[in-house]
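To start, the structure itself, in structure tokens.
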Amino acid sequence: MNNFETVLILTPLLSEEATKELIGKFRSYLTDNGAEIIHEDSWGLKKLAYPIQKKTTGYYHVTEFTAPGELISKLEVEYKREERIMRFLTIRLDKHGVSYNERKRAGLTTRKSREQKEGETA
């Protein structure tokens, strides 16, 4: 089992319900195929660096999960079939990426927050 992180950029034309339904669809696809979801984060509507399909904004969603490597190619085929997904990126996390994500969830990624935590323990 490897650790992966996938970022989806969904079309901004979706309603909140449709967005949740689409994210739920891929969450269940992952769990049904043997993946374990570690963390999910919705970044919301963000401005794109360049227009995609004549749209200048997109809804970003990040999912961190563990899964067998063979699942990723099947998952990406499903992403390509879904017309409401404008872009996606799936990466395999090494041990440094996993530890960074754990620190980020704990709120220890910025210098200020690390100094605060060290001050509390001293």
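The values are calculated or read from the model by the stated rules, or taken from the named source; none is laboratory data. Computed from a predicted model, the values in this text were never measured in an experiment. Reconstructed Cβ throughout: ideal geometry from the backbone, glycine too, with neighbour counts over all protein chains shown.
Quick notes on this structure:
- Selected residue (criterion: modelled with the lowest pLDDT) from residues of region 92-122 that are closer than 29 Å to Thr57 by Cα, surrounded by 12 or more Cβ atoms within 10 Å (Cβ to Cβ) and of a type in the set (Ser, Thr, Tyr): Thr109
- The number of residues in region 26-61 that are without any contact (Cβ under 8 Å) to a residue 40 or more places away in the chain and not hydrophobic (A, V, I, L, M, F, W, C) comes to 16.
- Test: residue in region 41-59 that is closer than 16 Å to Ile91 by Cβ, of a type in the set (A, V, I, L, M, F, W, C) and out of contact with any His (no Cβ under 8 Å at 6 or more places or on another chain): no
- Residues within region 62-79 that are touching a Phe, Trp or Tyr at 6+ places or on another chain (Cβ under 8 Å) and free of Cβ contacts under 8 Å to residues at least 12 places away in the same chain, tallied: 0
- Considering (1) closer than 13 Å to Leu8 by Cα; (2) touching a strand residue (DSSP E or B) at 6+ places or on another chain (Cβ under 8 Å); (3) not small (Gly, Ala, Ser), the lone condition that Lys47 does not fulfil carries the number (1).
- Just one residue in the set Leu89, Leu8, Leu45 is crowded, with 16+ Cβ neighbours inside 10 Å and not in a loop (DSSP other than H, G, I, E, B); that residue is Leu8.
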